[in-house]
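Here's the structure, in structure tokens; my notes come after.
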Amino acid sequence: MHTVGDLLPSTAAPDTGSPRARLRELLAAPEPLIAPGGYDALSARLIEQAGFDAVYMTGFGSTAGLLGRPDVGLLTGTEMVDNARRMVAAVNRPVIADADTGYGNAVNVLRTVAAYEQAGVAGIHLEDQVMPKKCGHLSGKAVIPTEEMVGKIRAAVAARRDPDFVLIARTDAAAVHGLDEAIARARRYADAGADALFVEAPISEADIARVATELRGVAPLVFNWAEGGRTPPLTLARIRELGFAMVLYPIGTLLAATAGMRALLARLRSDGTPAAALPGLPSFTEFTDLVGLPEITELEQRFAGA
């Protein structure tokens, strides 16, 4: 099967739908779109191979994967876009990317949107935090004035070249100024042209229900099911009932990878070899298959000299 990550274009009939158009279709569907978080090209491929319809590039996971550090605004826009580009190239699924604050003011947002579009992502979310930002589920956040963020959303709308490119406006105001302020900001961001709304880190099911009720019909809503974060872990049935259009599971893959590596390293440390851990791991052949070695072998044979 051809994917964007293949090294040659497909000879089959071209797919007339772009990943961006597909993302818009998924956001409009009656079932919420489930978007697991990936932090590199390998995790993106695994999400695709597991059968999910979209990949979310998590800023938390990208920071951990690239720097081994917490999500406190340490990565630059260039580093985030480069990571997004590699993930897009690895899969044939829409990739939704964390674009943090847009890495500056409204003029910086113009360049940020252009860079993410050129990287091939299907959509981004921009947040109203003060730079340097922090993970939405950490304490000590601060937000910029509403009017400043409205200007950044307007700049993002003006900057995109593909009208299908999805702009998600995220507000972190609930933790700073309360839920009323966050909902009011979300409405302003929708009026400024945001395609979807993301109220970060409500701390109770009642708060989540208020967001869903008061913003219903304003724009599609994003729910961040942050593993271990401040937001209660609702069931998918409840999320569907509340009418959220997309659910992000941002760091489960990162936590699972961390647990797996810890277990292997502990066994290696205690035994001197990883032999006892190998039965629970993919075989060497299975792993090389999932990263596309058969394709490489076929291409080597195809283009080998006579």
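Cα-based radius of gyration for the chain, normalised by 2.2 N^0.38 Å, reads 1.05.
Computed from the Cβ-Cβ distance with R0 of 41 Å, the FRET efficiency linking residue 158 to residue 237 stands at 0.55.
Seen from residue 159, the other residues with C-beta closer than 12 Å to its C-beta sum to a net charge of +3, counting Lys and Arg as +1 and Asp and Glu as -1.
Along the chain, the exposed loop sites are trypsin sites (Lys or Arg not before Pro) outside DSSP states H, G, I, E and B with at most 12 other Cβ atoms within 10 Å, and the longest stretch free of them is 1-160. Modelled this way, with points 7 Å down the Cα-to-C-beta line, the labels at residue 177 and residue 265 are 4.2 nm from one another. About the centre of its Cα atoms, segment 178-253 shows a dipole size close to 100 debye [charges on the beta carbon of Lys, Arg (+1) and Asp, Glu (-1) only; nearest 20 debye]. With each label modelled as a point 7 angstrom along the Cα→C-beta vector, the residue 209-residue 28 pair spans 3.1 nm. Straightening the chain between residue 67 and residue 273 buys 71.4 nm, computed as 0.36 nm per residue apart minus the Cα-Cα spacing.
Can you tell me the FRET efficiency between residue 303 and residue 86 if r is taken as the Cβ-Cβ distance and R0 is 22 Å, rounded to the nearest 0.05? Plugging the Cβ-Cβ distance into 1/(1 + (r/R0)^6) gives 0.35. Taking amide hydrogens as placed 1.01 Å from N in the peptide plane, the amide H of residue 57 sits under 5 Å from those of 38, 96, 97, 98, each at least 5 positions away in sequence or on another chain. Which angle between 0 and 90 degrees, to the nearest 10, do you get for helix 293-302 versus the longest principal axis of the chain when only C-alpha atoms count? Orientation of helix 293-302: about 60 degrees from the principal axis.
All of the numbers you see were taken from the coordinates with simple rules; none came from a lab. Because the structure is predicted, anything quoted here is derived from the model rather than measured. No Cβ is skipped: glycine too gets one built from the backbone with ideal geometry, and neighbour counts run over all protein chains shown.
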